[in-house]
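Q: I am attaching a structure below and will ask some questions about it afterwards.
None of the figures in this text is laboratory data; all of them are computed from the coordinates on show. From a predicted model like this one, the values you see are computed outputs, not experimental measurements. All Cβ positions, glycine included, derive from the backbone under ideal geometry; neighbour counts span all protein chains shown.
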C-alpha cells in the first residue's frame, strides 16, 4: 500500500529549477532511498515533502491526504517526521529532554494547565518520561539520558536526533543523510538501526550519499539528477543502470 | 518540584524579613518603593519568560504596561455624571459597573469601578497583543526588536497626543483598587504594610505560575523553539502559536502591573510608556541571565528599588542603558548565572582531569 505519493512536484528558486515534475511513491513498510549527485535537489525535495517549503505545483499525498498546503508542524502531527542533514538538537537540554520534546504531539497539557501545575499533567509528564527512556534504551543510548545532548560525540547525536523523531511515533520517517560524518563502523550500525526501525513498522525514506549503506538496506532507490528523476528501481538494477552510471561517473568518451 | 516551591518559600521569608527590618528600623516609608518595585517585578518576570525562555525580544513592553495603566486610570476617573440620563449609563450603573465616589475637588463623580476597569484593560491588552504579536513575531532578531520598539513608540505618541489621557500630564486622582473587602491597593500610608504584602504576594503567585510553566510540556517546547526552531517544528510543535501565546502572556503580566501600580500611585504619566522604560526592563532581564526567572526577579528587586529611591539621580535612564551595554559586552549570560556553581565545579574537575594526564 502506498503511504506517500509525490505527484509531478516542481519547485523553482529564481532561475534554478530545483525540482521538476517529479513523481514517485513510497510503499508502507519499505525503505526507500533518494540518491543523486550534489545539487540534484534531494534536500529540496525533502523540504517540500516535510512542509518546510511549498511546491510551485504538483501534489503530495500522505496517508491518503493532500498535505501540500500544511505547515511542517501539522505534517509532523499527522505522522511524518524528519531529521536534518546538519544535526539539530536542542542545546542546553539533556538527551532525555530532547527525546521528551518529541512526545509533544502525543501529549496535550497547554499553557494554563502548565501554569497551574494541574494534577493530570504530572501523570502525563511521567508517561512522557517513561516512553522517552524506553526509546533511549531501544536505541542503546539509555546510559547517556542525563548528558547534555550537544556534548555527545557526533555519531551519538545522530542517534539522539533519530530517537527524538521516533518519540513522535511516526508512520514515515525522513532521514536526511543519516550516515553523513559517520565512520565505517558507525555507518554499519546506522544501517542496522534503520532496518530495526523498519521492523517496528515505520516506513523510511532517506537521502544518502553512502552507496554501501543505500544498496544494503533499501528496497527501492530513486535517482535524481538536476531535479529530475532519472531512475527508480531496486538497488541491484540501479547499479547496472547506464544513465545512473553516466550521471555519477560521466560519459566515457 | 519540592525544590521549586522551597525556593518560593525562602523568597517569601526573605520578604517578611525585609518588612520586619523596616519595622524595627522605624523606616516604614521604604515599603512604598518596595511595593512599586513589586509591580515592576511582575512585568519583569513576564518579560523574562518571553525573552529568556521563548527567545523573543520585546522593546515595547512599557507600551503594554501603559495600556493597562491608562485604560484603568481613564475608566476610573472619567466622570459620567453628565451622561446619567442615557440608557447605557443607567444600565451600567444598575449592574454595579459604575460607582459614585467623592471627587478631588468636592462633588461626586460617577466612574467605572476598578474591577471592571481592570478587566477591560486586561482584555484590551490581550486583543492588542494578539493583533501586534501575530505579524510581528514572524520577524527575528533585530527586526523583531525594531518592530516592538515601533509599537512602544506608537503607544507613547498616542498617550502624549491624546487630550483625554492627560497628554503630557498623564492622569491623576485614580482611586484605590478594592482587592478584598477592607483591603485596597492604594498609596494610603495606613495601608503601607498590607499593600507591600499584597503586591509581593502577587509577584510570588506570578512566579509560581511561570516556574510551573517552565517545567511543563509547554516550557520544554518553548526551550526547543528557542534552541532550534526548525527542529521543534519538525517534531510537531506549532512554533508560531507558542511564541504568540508567550508574547500575550507576558503582555498580560505587564498590563496587570500597569493597572495595579497606577491604582497604587493614584495616577500614571507618559514616562511609563517611554522607550527607555522598555529598555530598562530588557536590561534587568539581561542582567538576571535571560532564561532565569529568579535572576530577573532579584535584579528587578535591586535595580528598580535603587532607581525608585533615586540612587541613580538624573542619570537614571543612562544607568540602565550602561547596564545593558556592559551585560551584552562582558556577561551575556547575566550576572546571576543559574549554573555558576556547576560551571565552577566543571572547571575544577576539568583541571583535575588534566593533571591526571587524560
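Q: At residue B:6 and residue B:27, where each label point lies 7 Å from the Cα along Cα→Cβ, what is the point-to-point distance in nanometres?
A: According to this spin-label approximation, the distance is 3.2 nm.
Q: Here's another thing I want to ask about it. If you line up the long axis of helix B:293-308 against the longest principal axis of chain B, both from Cα atoms, how many degrees apart are they, to the nearest 10?
A: Compared with the principal axis, the helix lies near 50 degrees.
Q: In degrees between 0 and 90, to the nearest 10, how far off the longest principal axis of chain B does helix B:141-161 point, with axes built from Cα atoms?
A: Once rounded, the angle reads 20 degrees.
Q: Here is a further query. Compute the FRET efficiency between residue A:240 and residue B:143 as 1/(1 + (r/R0)^6), taking r as their Cβ-Cβ distance and R0 = 60 Å, and round to the nearest 0.05. Please report the intermediate quantities before stating the final value.
A: Working: r = 53 Å, r/R0 = 0.88.
Efficiency, rounded to the nearest 0.05: 0.70.
Q: Provide a whole-number value for the mean count of partner chain Cβ atoms within 10 Å of the Cβ atoms in peptide A:25-38. Don't skip to the end; give the middle numbers.
A: Values: counts 0, 0, 0, 0, 0, 0, 0, 0, 0, 0, 0, 0, 0, 0.
The per-residue average across the peptide is 0.
Q: So how do A:128-139, A:180-191 stack up, highest first, on mean other-Cβ count within 10 Å? Walk me through the numbers on the way to the answer.
A: Working: A:128-139: 17.6, A:180-191: 15.9.
So the order, starting with the most tightly packed, is A:128-139, A:180-191.
Q: Report the normalised scattering of the protein assembly as shown as log10 I(q)/I(0) at q = 0.05, 0.06, 0.07 Å⁻¹, calculated by the Debye formula with identical scatterers on the alpha carbons.
A: Values, matching the q order: -0.30, -0.42, -0.56.
Q: Could you order peptides B:186-193, B:82-89, B:93-100 by the average number of other Cβ atoms within 10 Å of their residues, highest first?
A: B:186-193, B:93-100, B:82-89
Q: What angle do you read, to the nearest 10 degrees and between 0 and 90, between the alpha-carbon axis of helix B:61-77 and the longest principal axis of chain B?
A: Once rounded, one gets 20 degrees.
Q: Suppose each label sits 7 Å from its Cα in the direction of the beta carbon; what would the residue A:212-residue B:180 distance come out to in nanometres?
A: Output for this residue pair reads 7.4 nm.
Q: What FRET efficiency do you get for residue B:318 and residue B:126 if R0 is 25 Å and r is their Cβ-Cβ distance, rounded to the nearest 0.05?
A: Here the calculated transfer efficiency is 0.15.
Q: Also: Please report, to two decimal places, log10 I(q)/I(0) for the stretch A:89-169 at q = 0.13 Å⁻¹ as given by the Debye formula with identical point scatterers on the Cα atoms and no solvent.
A: Here the Debye-derived log intensity ratios amount to -0.39.
Q: Pairs of Cα atoms under 8 Å, at least six residues apart: use those to get the relative contact order of chain B, whole percent.
A: Averaging sequence separation for qualifying contacts and normalising by length gives 30 percent for chain B.
Q: How much length is gained if the chain between residue A:137 and residue A:8 is pulled fully straight, taking 0.36 nm per residue apart and subtracting their Cα-Cα distance, in nm to one decimal?
A: On the way: separation 129, 0.36 × 129 = 46.44 nm, distance 4.08 nm.
Here the segment from residue A:137 to residue A:8 would lengthen by 42.4 nm.
Q: Also, I was wondering about something else. Given the Cα-Cα distance of residue B:104 and residue B:168 and 0.36 nm per residue of separation, how much length would full extension add, in nm?
A: Net length gain for the segment: 21.0 nm.
Q: Taking chain A as a Gaussian network, Cα atoms linked when under 10 Å apart, which of A:24, A:111, A:62 shows the biggest mean-square fluctuation?
A: Comparing A:24, A:111, A:62 in the GNM, the peak value goes to A:111.
Q: Considering every residue in A:43-52, what mean count of other chain Cβ atoms within 10 Å of its Cβ is obtained? Walk me through the numbers on the way to the answer.
A: Working: counts 0, 0, 0, 0, 1, 0, 0, 3, 2, 3.
Taking all residues of A:43-52 together, the mean is 1.
Q: What nm value, rounded to one decimal, do you get for the distance between residue A:118 and residue A:189 when each label is placed 7 Å out toward the C-beta?
A: 4.2
Q: Determine the shielding of peptide A:100-107 by partner chains: average, over its residues, the number of Cβ atoms on other chains within 10 angstrom of each Cβ.
A: Working: counts 4, 13, 6, 4, 10, 4, 1, 3.
If you average over the peptide's residues, the count of other-chain Cβ atoms is 6.
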